[in-house]
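Everything on this sheet refers to the single structure shown next.
The values are calculated or read from the model by the stated rules, or taken from the named source; none is laboratory data. These numbers were taken from a predicted model, which means no experiment stands behind them. So basically every Cβ, Gly included, is an ideal-geometry build from the backbone, and we count neighbours across all protein chains shown. Heads up: the accessible areas ignore ligands, DNA and RNA and are worked out on the full protein's heavy atoms, side chains in. Shrake-Rupley method; radii C 1.70, N 1.55, O 1.52, S 1.80 Å.
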Amino acid sequence: MRLILMRHGETKWNAEQRLQGQDNSLLSERGVAQVKRFRAYAKALQPARIIASDLGRTRQTVALIGHPDAPSDERFRELDMGEWTGRCKPDLIAERPDDYAAWRAGRFTPERGETWGVFRSRVAEGVRDWMARTEGDLLVVAHGGVIRAACHEFLDLPPSRVVPVTPGTATILNFPGRDRSAAQLEGYNIGSVAPDVSVAD
């Protein structure tokens, strides 16, 4: 069984390098184009089931790949970034470089934010739940943080070691065992994308 994790297309906040968390920004024109280019690839993958985060940018993305009625699951929401929501990445790096690096590594939580451990657990719970209910490959339209959390849980790759995925791309984890406790990385950051797209969270 394969878990296909698609990151939503670029949003206006991505283009501005703003952290979105569980807030929302609509897809930019570039983001819409990214998703439309991915549509044929998503169809070729032939997933048995498609699920999406319930946030607006993922719902917009899943509709653009041709599945507007795909179920939503709030367990696939992005990490709640608390008081850092809406902040610009360059400003945070300039003002609080150590905290920002620790946050990217899952060791620091902004005030009113979600801890990495809680986030990783809810993503893993959602993945295991839907995989148990799916015969065949599962496509989840989600967020960059969700992909990092899945890589941590199922590939034992800590978040500090995972390069941010490009909007509108897929990461594929293959689960060869019947217990589906661990995965092999089949593909990372794959899809038809423009070379200069944003990778901000």
| query | Label Gln46 and Leu157 with points 7 Å out from Cα along Cα→Cβ: what is the distance between them in nm? | reply | 2.7 nm
| Relative contact order (%) - segment 14-88, alpha-carbon pairs under 8 angstrom, separation at least six | 47 percent
| said: Per residue, how much accessible surface does the chain expose to a 1.4 Å probe? Answer in Å², no decimals. | reply: 44 Å²
| note | Note on the chain: contact order normalised by length, alpha-carbon pairs under 8 Å, 6 or more apart, percent, works out to 33 percent
| task | Calculate for the chain the 222 nm mean residue ellipticity that helices alone would give, adding -39,500 (n - 2.57) per DSSP H run of length 4 or more and normalising by residue count, nearest 500 deg cm²/dmol. | result | -11000 deg cm²/dmol
| So what are the ³J(HN,Hα) numbers for segment 76-82, from phi and the Karplus equation (6.51, -1.76, 1.60; θ = phi - 60°), rounded to whole Hz, Gly and Pro as x? | 9, 5, 5, 3, 6, 8, x
| remark: Of every hundred units of 1.4 Å-probe accessible area on segment 57-188, the number belonging to carbon and sulfur atoms, as a percent, is 47 percent
| Separation between the Phe108 and Leu185 pseudo-spin-labels, each 7 Å from Cα along Cα→Cβ, expressed in nm? | 2.5 nm
| remark: Stretched fully, the stretch from Ala132 through Ala101 gains (0.36 nm per residue minus C-alpha distance, one decimal, in nm) 7.6 nm
| Taking amide H positions as placed 1.01 Å from N in the peptide plane, with prolines and chain starts having none, which residues 5 or more places from Thr11, or on another chain, fall under 5 Å of its amide H? | Ser28
